[in-house]
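Structure first, then comments.
Read-outs: derived from the displayed coordinates by stated rules, not from any lab. Remember, it's a predicted structure, so these values are computed and weren't measured experimentally. Virtual Cβ from ideal backbone geometry, glycine too; neighbours counted across all protein chains shown.
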Amino acid sequence: MLSRTAENLFWIARYIERAETMARLLEVGARIALMPSAGHGYRSEWESLLQASGTSEGFAAKYGDPVQRNIESYLFFDRDNPSSVISCIARARENARIVRTAMTSQVWDALNMAYQEIRQLERKPRSELELTELTEWVNRQAALVRGTMDATLLRNDGYSFLNLGFALERADNTARLIDVKYYVLLPSVDFVGSGLDNYQWQTLLRAFSATRAFHWAYGGEVTAAKIAHFLILNRQSPRSLISATNAAMEHLDELSHNYHKSGPAQMRARAMLGELAETRTEDIFEEGLHEFLTRFIREVGELTEMVHNAYLSGEAR
Amino acid sequence: MTNYFNEMYDAGKVREPYARLEGWTKDMPAELRQMKQAEAEALFRRIGITFAVYGEGGDPDRLIPFDMFPRVFTQLEWRRLERGIKQRARALNAFLLDVYGRGEIVRAGKIPAKLVYQNEAFERAVTGFTPPRGIYSHIVGIDLVRTGPDDFYVLEDNCRTPSGVSYMLENREIMMRMFPQIFRENRIEPVDGYADALRRTLASVAPAKCDREPTIAILTPGHFNSAYYEHSFLADLMGVELVEGADLFVEGGFVWMRTTEGPKKLDVIYRRIDDAFLDPLCFRPDSMLGVPGLMDVYRSGGVSICSAPGAGVADDKAVYTFVPEMVRFYLGEEPILQNVPTWQCAKADECKYVLENLGDLVVKEVHGSGGYGMLVGPKSTKEQIETFRAKITEDPDNYIAQPTLALSTTPTFVEEGIAPRHVDLRPYCLVGEKIELVPGGLTRVALTEGSLVVNSSQGGGVKDTWVLAE
Amino acid sequence: MILTVNHVTTYQYDAPMRSAVQSLRLFPSRFDGQRIIRWDVSVEGGIRGGSFKDGAGDKIEAWSVRGPVAEVTITATGQVETTDLAGVLRGHREHVPPLSYLCETPATWVDDALETLANEAILGAEDDLERAHRLARAVSSAIAYKPGVTHAHTTAAEALALGEGVCQDHAHALIAAARTVGLPARYVSGYLFARDDGEPHEAAHAWAEVHVPTIGWIGFDPANECCPDERYIRLGSGADARDAAPIKGIALGLGEESLDVAVALEATQQ
């Protein structure tokens, strides 16, 4: 397939995944803001959220102080913010329009409807919109897009590029979401293990819509170690780093099978998965959660670059 | 008051092609009609057929209005049109082969040399090169108007990349979906063979160097182009790639597509971008849409480009006047389709006549298209007429004039019910190993009462066009 | 005269480019005034593309270079035997109708001054040949040869207003002047062997050809106030300098380009 088409498909998936992450981030932020203050205040929690989403500078330039209402607007409806939900959905839909013929009408419908609906939401007064409603709306749209893709798309190389996009973006985004925990707690290590600490971990679980799944998988008391294991190392957890890495590897393998050609991207994905499989929760805390996540995010970035060079850049020989 | 030919009613009686449609509309309650109209619009929007109009701003997702009342031809009417269209398409191609070769028609004094060789659309870069099968214009769109039962006039020829064929196909698709019943009652020739015919046509002009099933692609300026939907639609129907300039590169005398599996050789390019943007090395150096080195590959026989660069010299509005002469000169036949009488403002005496009769004439720019830069005398204000008088006096070579034709009308759904509106017709003739014409075309309708301008950029709509089977 | 040519063009990029593509019109024309003894064109590290003869009779060869590429070197070298035909392009096979050269290009746009120059020059001339000669003379005296005052994009009208320029400006001015009086004219690129001082930078040269129906295309070199003779090697033609350029190329990427040209011409005595 044309490299540009593959790139478009890859990015449709990444934008949808990213839109969903933005919505989940907002939910985490709103939940944390509802808690009794951790001492250093409400403001810095929102600030840390912006940092985790990589939108801190853009926000500061436009709004200055992090006020919840502004953050909601910025992360959801602001077209100047390339990572906002509306930007992601608009770009996913535009990419889909470009490769309209590489997908089924059901997938197009799902993407197009999401776009038409968010344009309507955009016109409503903010006071009429509940944050939870908005995040639920995004999750629903993302599920619809994914569902039509799963149900209707041909399992060809295009399908692999879409799913690679989902997997790599998810690996990156999950790591960033977990990292919010680090930013929020950073100034006061004393809180580790406190009730507040656990409350924050649970908020993360909730943001992943994974509270119940977590209880099924672990039972008993909720601890930081269990949650970290669930979000990073558990293969049953659909958003864990290991699941996302595994999905990336599977779709890369599918491509090498289709094209009768394997390359550095496949090798790297395999190596990353191998390492995660050997890692224990203790190792992560020993390295430092933030340090571990930072390293992981960098490695995902490198893997993405390899995918780009091998398939999407148009320089493949 | 001019007497316009109504294609459905003749002296109060229903003409034969529309016989079965009278009952259909009579039985349709207004609410049902409105419902169907809304349904059609929703379908168009869902499919993604929209049309951005140059320079208008506003809604980029604007739809071209679709009128559900079909336009109908009998088999007999169509056969004559078909012969005329094919004849014209052959003559236009013969002309192109000639003027980029020996120029016999110029030597014979049948057309002024200046008009051909000093024409902006004449590409010196392709003289002496003969494209496969000697064909330059592979998709010829001929705009026709009707003034009476047997009177058809050619308004203009489109030899480069006529657009709108996706509407012909989608209009039919949507009509069949919404009104299966009338398709059972009327035996209507199908048009859905178009994509296959187009693919066959393109494949048949693959370069001699291509020794296998040719790889075809449509070259689009990109998704910002107003006809992008059509480009992707046709690529999909033919099962070929839709490429942009940046997806292609040249090497070793061939054109290659950048794919996820490495370079893939391309044999035939159906380009939907203008000559000037094809290759920055040969034409406009600032073009970002084209492929550097493409023209060298083309001229050394490594790839076919449809339509051939330079094909535009045949559809220039000043050259148009000479098409009947081309038919006689190359084919030794009498033209089946008539030209609209045309005055060349470049000629002093004709210009004088035009200036004296501006109020009755239609004036067009020689290189204009899409209904822009046009004056419809009888529908214009004094001011508009005076503006044109100044323009023509300033640069007479740039204008031609034609009488205001009494364009035929067909019944059209309007707010108040059904009313006659003026229409034209653009059939798409394919020229390759064979000359093919699917039975149908794009009927454009001027939705404003009394208006004669059917261009979609000027508030025109489209209709499904039927040719009845015998 | 037997002339030996060594023409090396080097493009350098300050950042590696994704790829480069060239269209080379670097082959001596075949006509009665020129016989090619040997001729070779190559691009270092390049891949040869298609080659063909265009409608104007010029041989064109395409080349491409795969990236990353930081430097492109194009070499044309060979030996040509030349004969003085007093500028007449005799025995040259081409298909382009001369009339098509009457179209204006941005570089040969005609202003009032050019029109006046042309009309005054041809006053009283008996035939087209005389008109062409007079136009060439008028351009020679109106534009003095002076390097460095004009640049690659200077138009004929601008050069005339300056009153100074180089061979490209002379050729453009002559083309514009000829066209305004209805004589088809075109730009020719090639080499000139300068007998007295063999300065390398002067060897790459350009002049104009004017079409006179009774004779055909005739070369005029207003920069040297003569018609091309055995010291000239003709490569190719076009509507203006850009169109007739011996090397047209594009490199894709973000690097800045710098150009170095070295042409050496030697005469071999027979």
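A few points about this structure:
- When the listed pairs B:Lys114/B:Lys347; B:Lys317/B:Lys391; B:Lys209/C:Lys53; B:Lys114/B:Lys434 are checked against a 24 Å cut-off, the alpha-carbon distance exceeds it for B:Lys114/B:Lys434.
- Here the label points at C:Ala144 and C:Ala15, each 7 Å from Cα along the C-beta direction, are separated by 4.4 nm in the simple model.
- Here A:Lys124 is the anchor, and the lysines within straight C-alpha reach of less than 23 Å, apart from those fewer than 8 places off in the same chain, are A:Lys62.
- Tensor-based shape of the range B:342-403 (alpha-carbon gyration tensor, a/c under 1.5 rounded, otherwise prolate or oblate): rounded
- Averaged over peptide A:98-105, the number of partner chain Cβ atoms lying within 10 Å of each residue's Cβ comes to 5.
- Around the amide H of C:Ser29, modelled in the peptide plane, lie the amide H atoms of C:Arg234, C:Leu235, all under 5 Å away and 5 or more residues distant in sequence or on another chain.
- Stokes-Einstein, applied to the Kirkwood radius of the range B:311-470 over Cα pairs at a viscosity of 1.306 mPa s and 10 °C, places its translational diffusion at 90 µm² s⁻¹.
- A DSSP coil position with no more than 11 other Cβ atoms inside 10 Å describes none of the trypsin sites (Lys or Arg not before Pro) in the range B:294-351.
- Taken residue by residue and averaged, Cβ atoms of other chains lying within 10 Å of the Cβ of B:252-259 number 5.
- Phi to ³J(HN,Hα) by Karplus 6.51 cos²θ - 1.76 cosθ + 1.60 over the range B:131-138, Hz, x for Gly, Pro: x, x, 6, x, 9, 10, 10, 8
- Computed from phi, the 3J(HN,Hα) profile of the range A:164-173 under the Karplus parametrisation 6.51, -1.76, 1.60 (θ = phi - 60°) reads 4, x, 4, 5, 5, 5, 5, 4, 5, 5 Hz, with x in place of Gly and Pro.
- Rg ratio for the range B:162-312: its Cα radius of gyration over 2.2 N^0.38 Å, N being its residue count, equals 1.17.
- Of C:Glu104, C:Glu71, C:Glu126, the one that fluctuates the most in a GNM where chain C has Cα springs shorter than 10 Å: C:Glu126
- Straight-distance crosslink candidates among lysines, where the alpha carbon sits under 16 Å from A:Lys226 and sequence neighbours closer than 8 are dropped: A:Lys181
- Whole-Hz couplings from phi, Karplus 6.51/-1.76/1.60, listed for the range C:16-22; x for Gly and Pro: x, 9, 5, 5, 9, 10, 10
- By the rule of a second cysteine Cβ within less than 4.7 angstrom, chain B holds isolated cysteines at B:Cys159, B:Cys210, B:Cys282, B:Cys306, B:Cys429.
- Shape call, the range C:85-243: gyration tensor on alpha carbons, a/c limit 1.5: rounded
- Cα convex hull of the range C:24-151, projected area averaged across orientations, nm²: 11.7 nm²
- Under 5 Å, built H, 5+ apart or other chain: amide partners of C:Gly55: B:Thr127
- Between C:Ala86 and C:Ile2, the C-beta separation translates, for a Förster distance of 22 Å, into a calculated FRET efficiency of about 0.65.
- Just so you know, the Cα atoms of chain B work out to an Rg and Dmax of 22.4, 68 Å.
- Between A:Val67 and A:Glu287, the FRET efficiency from the beta-carbon distance, with R0 = 35 Å, is close to 0.50.
- Peptides B:64-72, B:110-118, B:454-462 ordered by average Cβ neighbours within 10 Å, highest first: B:64-72, B:454-462, B:110-118
- Partner aspartates and glutamates whose Cα lies under 12 Å from the Cα of B:Lys110, excluding those fewer than 8 positions away in the same chain, are identified as B:Glu325.
- Only one residue of A:Ala23, A:Pro264, A:Trp108 has its Cα farthest out toward the positive end of the dipole of the range A:3-312, where Lys and Arg carry +1 and Asp and Glu -1 on Cβ, and that residue is A:Trp108.
- Note on the protein assembly as shown: Rg/Rh from Cα positions, Kirkwood definition for Rh, rounded to two decimals, is 1.03.
- Along its three principal directions, the equivalent ellipsoid of the range A:3-312 from the Cα gyration tensor extends over semi-axes of 30, 26, 16 Å, largest first.
- Cα convex hull, chain C: 124 Å³ per residue, rounded to a whole number.
- For residues of A:306-317, the mean tally of beta carbons on other chains within 10 Å: 3
- Ranked by how many other beta carbons lie within 10 Å on average, peptides A:221-227, C:136-142 from highest: C:136-142, A:221-227
- GNM top mover of A:Ala143, A:Ala167, A:Ala114 - chain A, alpha-carbon springs below 10 Å: A:Ala143
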